[in-house]
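Comments concern the structure below.
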Amino acid sequence: MVILFIVKFLTFFTGCLSCFILHSHLNVPAVVASSLVGLFATYIPFSKRYQKHSVAAVYAGSFAGMCSLDLISSYWELGAISLIGASLYIMTMNLFEGFGGKLGSVAFISVALFILARGI
């Protein structure tokens with residue numbers, strides 16, 4: 001279970017960071033940046049055990065990485081969002097069937113929880 005969490009955290013963080021850098025520093029539109037990250041994630045050679053869910057975690061992370069610079073000011077904050085997102089992803093992995101709506105929901109809730117916690 002610990003290895004599964006580490007894999008999900010790293011893949012979520014990779015997607016989040018990649019999308020954030022593309023749209024905030026390289027001025028790629030956020031939707032295009034997320035699409036590019038998701039596309040390139042399909043070419044990452046994950047082990048067969050983690051292939052399906054790792055690509056989905058990268059894509060969910062890219063949704064979370066669509067945040068603006070007004071909300072996220074450091075890479076540590078992206079790491080905290082990824083920690084929340086990976087936890088939510090693992091908790092909902094067997095709860096919902098398929099990926100439709102789940103990835104965006106995990107990304108939204110992880111960013112919202114981080115912003116709320118930071119404001120308290």
Within the chain, which whole H helices from DSSP have a Cα span along their axis of at least 18 Å and a mean Kyte-Doolittle hydropathy of 0.5 or more, if any?
2-24, 75-92, 102-119
If you project the alpha carbons of the chain onto the principal axes, what extent comes out on each, in Å, largest first?
37, 33, 24
Build a GNM of the chain with springs between Cα atoms under 10 Å: which of 40, 20, 108 gets the top mean-square fluctuation?
40
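By its C-alpha gyration tensor, with a ≥ b ≥ c as the square roots of the eigenvalues, how is the range 11-75 shaped: rounded for a/c under 1.5, else prolate for a/b larger than b/c, else oblate? Don't skip to the answer; put the middle values down first.
On the way: a/c = 2.82, a/b = 1.96, b/c = 1.44.
Prolate, since a/c reaches 1.5 and a/b exceeds b/c.
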Euclidean distance between Cα centres, the range 1-42 to the range 52-68, Å:
5
Looking only at 62, 74, 54, which one moves most when the chain is put into a Gaussian network model with springs between Cα atoms under 10 Å?
74
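What are the trypsin sites (Lys or Arg not before Pro) within the range 1-78 that DSSP puts in a loop, where the Cβ has at most 12 other Cβ atoms within 10 Å?
48, 49
Only the coordinates and a few stated rules stand behind these numbers; no lab work does. Here the structure is a predicted model, which is why all the values come from computation and not from measurement. Note that each Cβ is placed from the backbone with ideal geometry, even for glycine, and that neighbours are counted across all protein chains shown.
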